[in-house]
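Just dropping this structure here.
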Amino acid sequence: MSESKEINILAIESSCDETAAAVVRNGREVRSNIISSQIDLHKLYGGVVPEIASRKHIEKINQVIKEALSEAGTTLDEIDAIGVTYGPGLVGALLVGVAEAKAIAWAKDIPLVGVHHIEGHISANYIEHPDLEPPFVCLVASGGHTHLVCVKEYGKYEILGRTRDDAAGEAYDKVARAIGLGYPGGPKIDRIAKEGNPDAIQFPKAKVNDAEYDFSFSGLKSAVLNYINGCKMKGETFDPADLAASFQKAVVEVLVGNSMRAVEKLGMKKFAIAGGVASNSALREAMEEACEKRGMKFYRPSPIYCTDNAAMIGAAAYYEYLAGTRSGWDLNAVPNLKLGER
């Protein structure tokens with residue numbers, strides 16, 4: 001497949017609580033990126049309610065696609081392929097995007113390309129970094145995933161490490177709820193941690209003995225909850241800012257430590273981060289410093305491309321499209337899809 005022809009991809013993302021559509025040209029140029037977030041709705045429940053998320057996607061999906069096409073100044077007649085997230089994620093939410101993508105591909109007789117959600121997060125780095133090409137190592141950290149991935153070629157991945165239990169973003173949400181900050185926890189902890197002392201409380205940093213690049217955050221989450229309960233039982237108070245800063249330090253040290261061990265062992269000169277937690281200011285600063293110290297090039301997407309969006313799906317779909325990936329009408333939502341599976 002020649003890269004000289006301009007390829008315009010309409011991308012759809014509906015794996016959790018954002019209904020998103022984008023038009024991406026040649027994998028790196030974002031012509032439009034529309035996101036309809038449901039955060040205010042799920043805030044009432046302290047987390048994402050799958051049934052409500054699915055219903056909202058149905059209400060919003062046609063609207064965001066129309067808006068994405070309009071903002072890009074294009075029509076479906078000029079779209080070369082449809083890229084859509086088909087897993088992992090909430091099954092009902094994924095199904096809305098997959099059904100919509102299939103309907104458009106069928107009606108317009110254009111190729112359909114199913115995209116892995118984590119591949120989308122990794123590909124977000126291509127949008128703003130024209131010089132970034134594989135091979136490189138990428139840390140994907142979000143509410144549902146913590147993966148350390150070696151990107152060997154476009155669309156070819158090796159998972160070096162993954163979380164054994166809670167994802168980093170999940171731990172953020174649970175700790176934020178415990179100290180009364182509410183949902184979503186990541187940005188709120190990041191904000192108040194700036195006012196706290198990261199050395200105020202020593203929280204454990206888990207190492208997984210039989211897999212040096214794997215992560216585990218449930219022990220840390222339990223240690224934070226036990227600390228809060230201990231204070232309550234003794235009638236003592238604690239400073240939420242100190243607790244948030246100390247918790248965040250423990251998470252960041254593990255993410256940075258595992259990542260740097262992996263890139264050093266592989267002899268890589270390029271390292272990237274992706275996913276919702278990648279917009280965390282403490283993580284970004286620590287990673288930048290660690291990469292600088294090792295003479296490595298550090299890549300990170302702007303915060304808008306860290307959270308779930310369709311532009312990243314369009315970037316991933318472009319490289320899958322060039323590689324000849326085509327999905328059939330039997331494409332289905334796969335809630336527990338593993339990276340590298342098809």
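Please treat every number below as a calculation from the coordinates, not as lab data. Predicted model only: the values in this text are computed from it and were never measured. Glycine gets a Cβ as well: all are built from the backbone with ideal geometry, and neighbour counts include every protein chain shown.
From Val277, Val254, Val224, grab the single residue that is surrounded by fewer than 21 Cβ atoms within 10 Å (Cβ to Cβ) and over 16 Å from Phe136 (Cβ atoms).
On inspection, the qualifying residue turns out to be Val254.
Still on this structure, I have one more. Here are some residues: Ile192, Ile201, Ile179. Which one is buried (at least 19 other Cβ atoms within 10 Å of the Cβ), farther than 27 Å from Lys43 by Cβ and more than 21 Å from the chain's Cα centre (by Cα)?
Step by step, each of Ile192, Ile201, Ile179 is checked, and only Ile201 is buried (at least 19 other Cβ atoms within 10 Å of the Cβ), farther than 27 Å from Lys43 by Cβ and more than 21 Å from the chain's Cα centre (by Cα).
Applying the selection to the range 250-291, what residues are closer than 20 Å to Ile127 by Cβ and charged (D, E, K, R)?
Passing the criteria: Lys270, Arg284, Glu288.
Go through the range 301-342 residue by residue and tally those that are free of Cβ contacts under 8 Å to residues at least 60 places away in the same chain and either part of a helix (DSSP H, G or I) or under 12 Å from the mean Cα position of the chain (by Cα) (or both).
The total comes to 1.
Could you list, in sequence order, the residues of the range 210-254 that are of a type in the set (Gly, Ala, Ser) and free of Cβ contacts under 8 Å to residues at least 60 places away in the same chain?
Of the range 210-254, the ones of a type in the set (Gly, Ala, Ser) are 211, 216, 218-219, 222-223, 230, 235, 241, 244-246, 250.
Correct list: Ala211, Ser216, Ser218, Gly219, Ser222, Ala223, Gly230, Gly235, Ala241, Ala245, Ser246, Ala250.
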